[in-house]
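See below for the structure under consideration.
The values are calculated or read from the model by the stated rules, or taken from the named source; none is laboratory data. Keep in mind it's a predicted model, so treat the numbers as computed, not measured. All Cβ positions, glycine included, derive from the backbone under ideal geometry; neighbour counts span all protein chains shown. Note: accessible area is taken over every heavy atom of the protein model, side chains too, but ligands, DNA and RNA are not part of it. Shrake-Rupley method; radii C 1.70, N 1.55, O 1.52, S 1.80 Å.
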Amino acid sequence: MANSESGQPLAVAPQAYGALWRGLLRPLRTVAQPAAAVALALACGAALLAFNGYDARAVIDVMVLGVFQDTRSIAEILLKATPLILIGVGLCVAFRCSIWNIGAEGQFYAGAAAATAIGVSFNGLGAWLYVPLVMLAGALAGAAWAAIAGLLKIYFRASEIVTTIMLNYIALIMTSYLVTGPLRDAAAAYPQSARLVQEAWMPRILPPTRLHIGILVALVLAVVMYVFLFRSARGYALRVVGISPDAARYAGISVPRNIMISICLSGSMAGLAGAFEIAGVTRRLFQSISPGYGFEGIAVALLANNNPIGAIFSGLLFAVLRSGSELMQITAQIPQVLVLVIQGIVILSVVGFAVLRIPSLRPSE
Amino acid sequence: MEDLASLSFLAATIAASWRLAAPLIFASIGEVFSERAGVLNIGLEGTMLAGAFAGFAAAFTSGSILFGVAAAIAAGVLVGLLFAFFTITIKADQIVVGAAINLLGLGLTAFLFRSYFPSAGKGIDIAKPVHLPWLSDLPFFGEALFRQNAFVYSTLPVAALAVFVLYRTSFGLTLRAVGEHPKAVDVAGRSVALYRYGAVLICSALAALGGAFLTLAHSNQFVEGISSGRGFIALAVVVFARWSPIGAFVVSLLFGVFYALQLQLQAQPVHFLPYQLFQALPYLMTIAALIFVRNRVGTPSMLGVAYKKS
């Protein structure tokens, strides 16, 4: 009954207020731990900068001022948040089923390639048809690429950790083949595809910025996935498989089926993110189209405790960090790869702080 | 004449396979130790990068390869301590911590490299081939096989030592018991955590050594993400090798063949096949290897499970 972390107020409050207190404290605790993890990671990042002879204070000033400078810079953050939220939300579903899909990067490339192939092929198609078609192509290709790992797990017991990572490398190499071979724009100096037909471009929602409808789709899908995971019977079954496959089997829940559902859903979200990147931002396919969104999505999901609604916020946070790191690189020549370090520390502090939570979960022990 | 040419081609391929297998041999034998003790360390890739960078940085500044090797091992032990603290002491999920180690390894090495070695200019003098008396003078195979650098030769004693430690010492016996039945070890009065720390540190040190091979004996430069998936391939090697150190050595050699073929086929392009197909060869073969071993006899029963005293 009594809560060890908030013991004092609970002890004096009458029973009726106890529920109210818990209702207020629980969301606070949910936010406090990720916030502490992020603060710790940022502190480590600043220490790393200072330790290696950079002026950490000036860097932070530049980041804070520059990132939220004007409408354009905020639109750029939302533009970066779009793939991060989509991938993060998808990985929430996979991780809740204990499927360690590390292959979002490859699924992103598969979606981007499929969206390009569709987006350069048709003429005279209306945007009302072409835009959904490109999105569908990306989502299906991402799901199909992820399904390979799912099938290998079910039929050959091959660890999805290894297979999804191998599929990442293969997707990257295949993209290199596509942009130097079948999809290559002969007129371009660098290996890249032709530009997408204009009707396939994602409609922009905040001209003159590049912000497109992808961010709205990402937000809607986050809510949909939350409802699916936590408010539907299918989502419940999926989580049971994630917690205990044996219990699931005993309850008549199909384990292979839920593995496929979770890995294909996460793959389709990553593929959709790839389609948005092509049809909303770059308009072309080239070799290094993702700056590691697929891997960053892992940190997005874990920081959100695998909750799709939480992934909206952690996706936004990592987008701000990414914008800030770009600014650091331009203004202070600080290597942008620092964000990877921060992502790693965020994950470690999340698991570290999770240990602190255990006593408050089991007050009676 | 034709036969002689193909024979020397074969000898050259075998030699290249052994050389290219070296980083996999170190990393996968290390992972055998860790997994035999019940700890799934998917942070091999990040650990290899740490070793590759530390080795390069130390050798570049000091001019001594030996110093580079020492720095790489030290870096590996540090990464191992971090991984062990989170997975064994805090009992956090081994996969999540491993993923974080990979991100940290990739990010930190790239950050430090760009901060301290801004112009990718001069590299280091990599380890030179060592002439072995008698063996190196054998016709064809001697010339090809036994003109390797010390890293490559050392894979043999490392594998032998791994077998000895795992199967012929009390430490090895207890280590394997920790992965199968930790409670028994605990009841016998030995610390499960201590043995797991030992296994993880051996694993990380060897993985870092495998990474150091890449900068000290293969390429003379550090490049971001230079391990290019070898840490993950080593994970599959261990499964294919059924958690045996000798198996890890042999399977790594097999993957070395794929790397060697990849290099040779890229050098002599086949016109109707895109070169990317050969680039993808090691990754495709990793998936094929996992398909091939459906039967998982030999999996340590406590693999991936944190030990909680009750």
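The table that follows gives values for the structure above.
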{"item": "Some residue of segment B:21-41 being within 14 Å of another protein chain (Cβ to nearest Cβ) and of a type in the set (S, T, N, Q)", "result": "yes"}
{"item": "Qualifying helices (runs of 4 or more DSSP H) (wholly inside segment A:45-152; at least 3 residues being within 30 Å of A:M260 (Cβ to Cβ))", "result": "A:71-96, A:104-119"}
{"item": "Filter result for B:A193 (among the aliphatic types (A, V, I, L, M) and either in a loop (DSSP other than H, G, I, E, B) or free of Cβ contacts under 8 Å to residues at least 40 places away in the same chain (or both))", "result": "no"}
{"item": "Flag for B:G123 being part of a loop (DSSP other than H, G, I, E, B) and open to solvent by less than 60 Å² (accessible area, probe 1.4 Å)", "result": "yes"}
{"item": "A:G292, sole failed condition from (1) at positive phi; (2) open to solvent by 20 Å² or more (accessible area, probe 1.4 Å)", "result": "(2)"}
{"item": "Residue in segment B:146-168 that is away from chain A (no Cβ under 14 Å), touching a Ser or Thr at 6+ places or on another chain (Cβ under 6 Å), among the hydrophobic types (A, V, I, L, M, F, W, C) and over 30 Å from A:Q343 (Cβ atoms) present", "result": "yes"}
{"item": "B:A267 open to solvent by 60 Å² or more (accessible area, probe 1.4 Å) and at pLDDT below 95", "result": "yes"}
{"item": "Selection count where residues are within 22 Å of the chain's Cα centre (by Cα) and open to solvent by 70 Å² or more (accessible area, probe 1.4 Å), scope segment A:205-222", "result": "3"}
{"item": "Meets criteria (closer than 24 Å to A:L49 by Cβ, open to solvent by less than 10 Å² (accessible area, probe 1.4 Å) and within 14 Å of another protein chain (Cβ to nearest Cβ)) for B:F83", "result": "no"}
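To keep it simple, each residue is scored yes or no on (1) out of contact with any Phe, Trp or Tyr (no Cβ under 8 Å at 6 or more places or on another chain); (2) at pLDDT 95 or above; (3) in the same structural domain as A:I87 (by TED's automatic domain parsing); (4) under 19 Å from A:V341 (Cβ atoms).
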{"residue": "A:G252", "(1), (2), (3), (4)": "yes, no, yes, no"}
{"residue": "A:I259", "(1), (2), (3), (4)": "yes, yes, yes, no"}
{"residue": "A:E277", "(1), (2), (3), (4)": "no, yes, yes, no"}
{"residue": "A:R283", "(1), (2), (3), (4)": "no, no, yes, no"}
{"residue": "A:A311", "(1), (2), (3), (4)": "yes, yes, yes, no"}
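Okay, residues lined up against (1) surrounded by fewer than 19 Cβ atoms within 10 Å (Cβ to Cβ); (2) over 24 Å from the mean Cα position of the chain (by Cα); (3) assigned by TED's automatic domain parsing to the domain that holds A:G315:
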{"position": "A:A47", "(1), (2), (3)": "yes, yes, no"}
{"position": "A:L65", "(1), (2), (3)": "yes, yes, yes"}
{"position": "A:D70", "(1), (2), (3)": "yes, yes, yes"}
{"position": "A:S73", "(1), (2), (3)": "yes, no, yes"}
{"position": "A:A81", "(1), (2), (3)": "no, no, yes"}
{"position": "A:A146", "(1), (2), (3)": "no, no, yes"}
